[in-house]
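Written out below as structure tokens is the structure these notes cover.
The values are calculated or read from the model by the stated rules, or taken from the named source; none is laboratory data. What you see is a predicted model; the values in this text were computed from it and never measured. Cβ atoms come from the backbone with ideal geometry, glycine included; neighbour counts cover every protein chain shown. Surface areas here come from the heavy atoms of the whole protein model, side chains and all, with no ligands, DNA or RNA. Shrake-Rupley method; radii C 1.70, N 1.55, O 1.52, S 1.80 Å.
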Amino acid sequence: MINTLKLKSNDNDIDIAARILKSGKLVGIPTETVYGLAANALDKDAVANIFKVKGRAVDNPLIVHISNISEIYKLVSKFPANAQKLANYFWPGPLTMILKKSNIIPYEVSCGLDTVAIRMPLNVIARKLIKKVNLPLAAPSANLSGKPSPTSFLHVLNDFDGKIDAILDGGDCTIGIESTVITLESKIPKILRPGSITPEQISDVLGKVEIDDCILRKVSKNRIVSSPGMKYKHYAPKAKVIIVNGSSNKYIDFVNLNANDEVGALCFDEDIDKLKVKSVSYGPENDLNVQAQNLFNCLRKIDNENDILIVYARISSKDGMGMALYNRLIRAAGFEIIDV
Ligand code: TXA
Ligand code: MG
């Protein structure tokens, strides 16, 4: 067991976190999307430790975080004009770009690929820390593999207390779902993971953009995919999640008809009073931003209700931010959907 330091976000504590990272150890850090499990991206042993502590599949590469655009040049072998354009529009912010890596990025980060994922977070604490460390930080989401992503200090503590050297408390994540991932290494830029920066926003800047067809589909373990993360089970609480696709009334009827002590609901604010099962609401039906902020916390709450075995989840839109939410929920549900 390691004594996990619980750090605040003042300058003194950021200094402590920076020292820990420089010495090759892991620190849980806040970002605007979800908390990250960070290590020096240029230290292959530190990076290997991320995979070990998280239980992460060794073919699922990590995102490298920077605090200023100028830091990207030594990390990539090419920084094409369309990538520069995206960086100017969306960085700092929840956009991750896949580019050709330079030699200083260890293959432990890219899992043997010749590309690297890079992003500059909006969160000021994260950028202060990166600047202080003066190194790029590799960081996947700070959850045990397969679990819902962490959007608060306590979520990280739950998964990693005693397993990493420190966690930096930056409060709750303002966005709540992971960054949009886009590759600029395909002929036409392609979105590999939807996030709060939508395909529409990106195509306003770049023109034509593709959306990988694995985003909303199940992918077999053996298939070669553009982004290895697509293959794995994600975001799942212990209870089985089933998406119920239909209007509010149909959903409520369906859940109440199937109600028993072992059933729970992941619903919208508008539904909650009409449901006869243990329910968690993740926001108003029409406020996708609030839904995104709450989704992972709600999935973790369901985990704490040990008697809930099946959760019926409701979704609203499948466009823009709705696509990003739906992408998380269908994975949490192992792609089980019931149309009502
Ligand atoms: O918002 C976020 O992106 C958060 C915060 C901490 O920055 N990080 C995050 O990391 O979500 P992670 O490891 O949970 O997800 C990274 C995703 C995975 O799906 C991975 O397969 C993909 O990015 N990825 C990383 N490097 C890649 C590469 N070279 N080519 C294709 N996909 C890559
Ligand atoms: Mg993750």
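Test of understanding: among I177, I197, which residue is buried (at least 23 other Cβ atoms within 10 Å of the Cβ), farther than 26 Å from L42 by Cβ, aliphatic (A, V, I, L, M) and within 16 Å of ligand 2 (Cβ to nearest atom)?
On inspection, the qualifying residue turns out to be I177.
For the list (1) away from ligand 1 (no atom under 15 Å from the Cβ); (2) more than 23 Å from R127 (Cα to Cα); (3) aliphatic (A, V, I, L, M); (4) in contact (Cβ under 8 Å) with a residue 12 or more places away in the chain, I need the number of the one condition that A57 fails.
(1)
Looking only at the range 274-313, count how many residues are assigned to a strand (DSSP E or B) and either farther than 24 Å from E32 by Cβ or open to solvent by 50 Å² or more (accessible area, probe 1.4 Å) (or both). Steps first, please.
Here is the first cut: in the range 274-313, the ones assigned to a strand (DSSP E or B) are 278-281, 310-313.
Retained after the next criterion (residues that are either farther than 24 Å from E32 by Cβ or open to solvent by 50 Å² or more (accessible area, probe 1.4 Å) (or both)): 278-279, 310-313.
Final tally of qualifying residues: 6.
Kindly indicate the residue of the range 144-166 that is in contact with a strand residue (DSSP E or B) (Cβ under 8 Å, 6 or more places away or on another chain) and within 13 Å of ligand 1 (Cβ to nearest atom) and also nearest to T4 (Cα to Cα) among those meeting that condition.
Among those residues, the one meeting the criterion is V156.
For (1) in contact with a Lys or Arg (Cβ under 8 Å, 6 or more places away or on another chain); (2) within 26 Å of N304 (Cβ to Cβ); (3) at pLDDT 95 or above, each residue gets a yes or a no:
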| site | (1), (2), (3) |
| --- | --- |
| L113 | yes, no, yes |
| I125 | no, no, yes |
| I130 | no, no, yes |
| D172 | no, yes, yes |
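Would you please name the residue that is nearest to ligand 1 (Cβ to nearest atom), looking only at residues in the range 28-45 that are surrounded by 23 or more Cβ atoms within 10 Å (Cβ to Cβ) and outside any loop (DSSP other than H, G, I, E, B)? Spell out the reasoning first.
Here is the first cut: in the range 28-45, the residues surrounded by 23 or more Cβ atoms within 10 Å (Cβ to Cβ) are 28-31, 33-39, 41.
Now drop any that are not outside any loop (DSSP other than H, G, I, E, B), which leaves 28-29, 36-39.
Values: G28: 10, I29: 8, G36: 3, L37: 8, A38: 8, A39: 12 Å.
The selected residue is G36.
Need pairs with beta-carbon distance below 7 Å; first residue in contact (Cβ under 8 Å) with a residue 12 or more places away in the chain and within the range 85-98, second open to solvent by 30 Å² or more (accessible area, probe 1.4 Å) and assigned to a helix (DSSP H, G or I); sequence gap 6+ or separate chains.
K85/L206; L86/L206; A87/I69; W91/I69; P92/R127
Report every pair of residues separated by at least 6 positions or lying on different chains whose Cβ atoms are under 6 Å apart, first residue within the range 282-294 and among the polar types (S, T, N, Q), second surrounded by fewer than 17 Cβ atoms within 10 Å (Cβ to Cβ).
No pair meets every condition.
Could you say which residue among S77, S145 is surrounded by fewer than 23 Cβ atoms within 10 Å (Cβ to Cβ), within 16 Å of ligand 2 (Cβ to nearest atom) and in contact (Cβ under 8 Å) with a residue 12 or more places away in the chain? Talk me through it step by step, then tell me what you get.
Working: S77 fails: within 16 Å of ligand 2 (Cβ to nearest atom).
After applying the criteria, what remains is S145.
Looking at I130, I105, which is the one that is in a loop (DSSP other than H, G, I, E, B), open to solvent by less than 50 Å² (accessible area, probe 1.4 Å), touching a residue at least 40 places away in the same chain (Cβ under 8 Å) and among the β-branched types (V, I, T)? Steps first, answer last, please.
Numbers: I130 fails: in a loop (DSSP other than H, G, I, E, B).
On inspection, the qualifying residue turns out to be I105.
If N12 passes every condition in (1) part of a loop (DSSP other than H, G, I, E, B); (2) out of contact with any Gly (no Cβ under 7 Å at 6 or more places or on another chain) but one, which one does it miss?
It fails just one condition, (1).
Which members of the range 213-252 meet the condition of being among the aromatic types (F, W, Y) and at pLDDT 85 or above? Break it down stepwise before answering.
Our first condition is that a residue be among the aromatic types (F, W, Y); within the range 213-252, this holds for 232, 235, 251.
Within the range 213-252, Y251 is the sole residue that qualifies.
For the range 1-56, which positions are closer than 26 Å to C111 by Cα and of a type in the set (V, I, T)?
Answer for the range 1-56, where residues must be closer than 26 Å to C111 by Cα and of a type in the set (V, I, T): I20, V27, I29, T31, T33, V34, V47, I50, V53.
Kindly evaluate G170 against the criterion of being buried (at least 20 other Cβ atoms within 10 Å of the Cβ) and out of contact with any strand residue (DSSP E or B) (no Cβ under 7 Å at 6 or more places or on another chain). Steps first, please.
Working: buried (at least 20 other Cβ atoms within 10 Å of the Cβ): yes; out of contact with any strand residue (DSSP E or B) (no Cβ under 7 Å at 6 or more places or on another chain): yes.
Yes; evaluated as a whole, the condition is true for this residue.
Criterion first (among the hydroxyl-bearing types (S, T, Y) and away from ligand 1 (no atom under 12 Å from the Cβ)) does Y107 satisfy it? Give the derivation first.
Details: among the hydroxyl-bearing types (S, T, Y): yes; away from ligand 1 (no atom under 12 Å from the Cβ): no.
Criteria not met by Y107.
Can you pull out every residue in the range 315-332 that is at pLDDT 95 or above and touching a Gly at 6+ places or on another chain (Cβ under 8 Å)?
A324
Which of the residues belonging to the range 57-74 are open to solvent by less than 40 Å² (accessible area, probe 1.4 Å) and out of contact with any strand residue (DSSP E or B) (no Cβ under 7 Å at 6 or more places or on another chain)?
In the first step, residues of the range 57-74 are kept if they are open to solvent by less than 40 Å² (accessible area, probe 1.4 Å); the result is 57, 60-67, 72.
A57, N60, S67 - these are the residues of the range 57-74 that are open to solvent by less than 40 Å² (accessible area, probe 1.4 Å) and out of contact with any strand residue (DSSP E or B) (no Cβ under 7 Å at 6 or more places or on another chain).
So in the range 234-254, with the set limited to residues that are more than 16 Å from ligand 2 (Cβ to nearest atom) and assigned to a loop (DSSP other than H, G, I, E, B), which one is farthest from V340 (Cα to Cα)?
Pass one, the range 234-254, residues more than 16 Å from ligand 2 (Cβ to nearest atom): 238-254.
Now drop any that are not assigned to a loop (DSSP other than H, G, I, E, B), which leaves 238-239, 246-247.
Numbers: K238: 24, A239: 21, G246: 5, S247: 8 Å.
The selected residue is K238.
Among the residues of the range 148-172, write down those that are small (G, A, S) and within 16 Å of ligand 2 (Cβ to nearest atom).
Residues of the range 148-172 small (G, A, S): 149, 152, 162, 166, 170-171.
Those that are small (G, A, S) and within 16 Å of ligand 2 (Cβ to nearest atom): S149, S152.
Does any residue of the range 81-89 turn out to be farther than 18 Å from L192 by Cβ, hydrophobic (A, V, I, L, M, F, W, C) and outside any loop (DSSP other than H, G, I, E, B)? Steps first, please.
Applying the first criterion (farther than 18 Å from L192 by Cβ) to the range 81-89 yields 81, 84-85, 88-89.
After this cut, where a residue has to be hydrophobic (A, V, I, L, M, F, W, C) as well, the list is 81.
In the following step, the residues that additionally are outside any loop (DSSP other than H, G, I, E, B) were identified as 81.
Yes, that holds for at least one residue.
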